[in-house]
Amino acid sequence: MGYWVATGVTLGLLTALMVFEWKDDQRGRWVLKPLTSAGFIASAVMAGALDDGYGQAVLAALVLSWFGDVFLIPKEKPKVFLLGVLAFLLGHVAFSVAFVIKGVSMAWVLGSVVPLGLVAAVVVRWLWPHVPAQMKGAVLAYVGVISTMLALAIGAVAAGANLWIFVGALMFYLSDLSVARQSFVTKSFINRLWGLPFYFIAQLIFAWTVLQP
């Protein structure tokens, strides 16, 4: 019951956040984004994330995502942006650990490496001309980590985990592309219009998977 209340509140906060994003209201972002992100942390706790290793790893990933959200709020601050990238990178690592704890099929993980590697190559080729020199290494590392997370999510589902783990991982992966496009290619509300809902719903899905056997 607590999970669903926290999830409902989070979705309500997300709706309000989208209004501030549409208005490009920075003060509104400072208020709503940390609160909305706290909502998915609360959802995971209410779902029982503290009760086992998988839930604890998911909770750690969500907390790191909260820090990433906060660090990405300031505009035109490259060092703070890098902290946000680092927080999200570590969040993806924590999700990867969670999937390994859940159990993965290594055959499926290894089988997904080539197609995901090809997608990663396309993403890097798209971003590369727009990424500042000092951030190219971070971008390469980030693409590698999110691709690994998605491969492990596929492996977890193949090993019998809930399909929603893959759905959450894929939505998180796609939301990262919206952030990359906003940060490096073209600044537009369109990026946030679909990217933010994908991101927050993905976090709520991960929190929900804690409830599943």
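For the pair Arg125 and Leu110 in one chain, pulling the backbone fully straight at 0.36 nm per residue adds 3.1 nm over the alpha carbon distance. Of all stretches in the chain that contain no trypsin sites (Lys or Arg not before Pro) in a DSSP loop with at most 13 other Cβ atoms within 10 Å, the longest one is 76-186. Computed over the chain, the P(r) tail beyond 20 angstrom holds 55 percent of alpha carbon pairs.
Centre-to-centre, using Cα atoms only, segment 44-80 and segment 92-148 are separated by 19 Å.
Quick one: if you take sqrt(5λ) for each eigenvalue of the C-alpha gyration tensor of segment 1-122, what semi-axes come out, biggest first, whole angstrom?
Details: eigenvalues 154, 94, 34 Å².
Working from the Cα gyration tensor, I get semi-axes of 28, 22, 13 Å.
Using only alpha carbon pairs under 8 Å that are at least six residues apart, calculate the relative contact order of the chain and give it in whole percent. Dividing the mean separation by the residue count of the chain yields 23 percent.
None of the figures in this text is laboratory data; all of them are computed from the coordinates on show. Only a predicted model underlies this, so the values are computations on that prediction, with no experimental measurement involved. All Cβ positions, glycine included, derive from the backbone under ideal geometry; neighbour counts span all protein chains shown.
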